Amino acid sequence: MSGLIQPDQIARIDRIIDKYANFIITTHVNPDGDGLGSEVAFAELLRQRKKTFSIINNNPVPENYRFLDPNQQMEVFNKDRHIELLTSADVLFILDISDWGRLRELGELVRELSLKTVCIDHHPVQEPFADVDIIYPEASSTGELIYELLKGLNARFTQRICEAIYTAILTDTGSFRFTNTNPAAHRIVAELLEAGINPQKIYSNVYENQSLARVKLMARVLGGIQLEYDGRLAWMKITQQMLKETGATLKDTEGLADFPRSIAGVEVALLFMELEDGKVKISFRSKGNVVINGLAKEFNGGGHAFAAGASTDGPLDTVIPNVLQRAAALFENRPA
Ligand code: 5GP
Ligand code: MN
């Protein structure tokens, strides 16, 4: 299978792993299946090469991804607790993100310490990010790139690695529905199935493991859906009040933003979430005809062409009309 990662890049990673002993692995805030699965698979490679490593993230592992980390090796970043470890580490591998803003306090500390960094990611970037960048926006997922890297480095594809990469590709392609679904994703997954992973078990862990609070929140959020621009834009909001009343937390919102795309005629979906500190997180989704990461960038965010996000100052009631107004440009000269 011809891959995206070039042989010289594989050789470079090989040399880095050979040369150094202590590694840290991290991913973006609110880690998803792609970030977490990629971390687990990459960590297993380091284990096979008898290296010392820690996986440190800004947030805990969500309930439905805990099966990826049965021994609870993933740590939640705490500056006081981790400063020594980060100071003595040789290299930080940053997976599924190439934006310092989404690495929060961990990212700040890494830059202060000028730790050597390697990034493996599939988000579009404008400029170099880490010391070594292996960034391919045409990859379905970071999991796909980790697969290529592990193949290139002759890793042993254990069940753990296979399950982790499958989870990464499954979740980031929206179960092989989104525009990033590509032949490589299917080829890799076919090979993982041949290696004996159980797709039903993984599906059940990831998608049949939701809290009742999440389902109640979903009902509230979907109940409040509104359409604009002749039904081409759908938007929804989640207030702190709604979280309180349903007993849900922000973690329970993953995947909610994708829902309105199922409505006939809707091209773009927006989800506005009021955060505890009064800021607003916005999720942007597109069915694939309208590029929305430009709009996300106008609000300090970014992401993929058809799935992007941003965090901006509130209040919610100001942000919503502001974003909706700016969204008008998406539909100009585009007859419905
Ligand atoms: P979500 O809406 O699920 O949080 O994010 C969808 C995609 O948008 C993510 O995969 C990521 O690429 C991007 N994204 C989300 N939030 C931000 C953000 O605050 N900044 C940037 N640059 N990208 C984001
Ligand atoms: Mn990803």
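The values are calculated or read from the model by the stated rules, or taken from the named source; none is laboratory data. Keep in mind that what you see is a predicted model, and the values were worked out from it rather than measured. Please note: Cβ atoms are built from the backbone with ideal geometry, for glycine as well, and neighbour counts cover all protein chains shown. Note: accessible area is taken over every heavy atom of the protein model, side chains too, but ligands, DNA and RNA are not part of it. Shrake-Rupley method; radii C 1.70, N 1.55, O 1.52, S 1.80 Å.
For the reader, a short list of remarks on this structure follows.
- Exposure of THR87 as accessible area (Å², to 10), given a probe of 1.4 Å and all protein chains: 90 Å²
- Here the range 255-321 and the range 232-249 have alpha carbon centers that stand 14 Å from each other.
- For the range 16-40 and the range 153-219, distance of Cα centres in Å: 18 Å
- In the range 50-129, the C-alpha radius of gyration followed by the widest Cα-Cα span (Dmax) gives 13.2, 38 angstrom.
- Extension gain, ALA21 back to THR87 (0.36 nm per residue minus Cα-Cα distance, nm): 22.4 nm
- Heavy atoms of VAL76: accessible area, 1.4 Å probe, square angstrom to 10: 60 Å²
- Cα gyration tensor category, rounded, prolate or oblate, for the range 88-220 with a/c compared to 1.5: oblate
- Alpha carbon convex hull of the range 201-336, projected area averaged over orientations, nm²: 8.4 nm²
- One decimal place: the segment ILE263-ASN322 gains 18.9 nm when fully extended, by the rule 0.36 nm per residue minus the C-alpha distance.
- Unit charges on C-beta of K, R, D, E only; dipole of the range 117-268, Debye: 680 debye
- Rg/Rg_ref, the range 7-207, where Rg_ref = 2.2 N^0.38 Å and atoms are Cα: 0.95
- Relative to the globular-protein estimate of 2.2 N^0.38 Å, the Cα radius of gyration of the chain stands at 0.99.
- Mean Cβ count within 10 Å, highest first, over the residues of peptides 135-144, 6-15, 114-123: 135-144, 114-123, 6-15
- The residues of the chain expose, per residue, 46 Å² of accessible area to a 1.4 Å probe.
- Cross-link partners of LYS251 among lysines (Cα-Cα below 30 Å; sequence separation of 8 or more within a chain): LYS79, LYS201, LYS216, LYS237, LYS279, LYS281, LYS287, LYS297
- Ranked order, GLU276, GLU191, GLU163 - accessible area, probe 1.4 Å, largest first: GLU276, GLU191, GLU163
- Per-residue ellipticity at 222 nm, computed for the chain from helices alone with -39500 (n - 2.57) per DSSP H run of at least four residues, works out to -12500 deg cm²/dmol.
- Estimated Rh, the range 151-272: Kirkwood, alpha-carbon pairs, angstrom: 16.7 Å
- The accessible surface of the chain, taken with every protein chain in place and a 1.4 Å probe, is 48 percent carbon and sulfur.
- Near-label residues of the range 240-266 by backbone N, under 11 Å of a point 7 Å along Cα→Cβ of LEU275: none
- Estimated translational D of the range 1-66 in µm²/s (Stokes, Kirkwood radius over Cα pairs; 4 °C; 1.567 mPa s): 97 µm²/s
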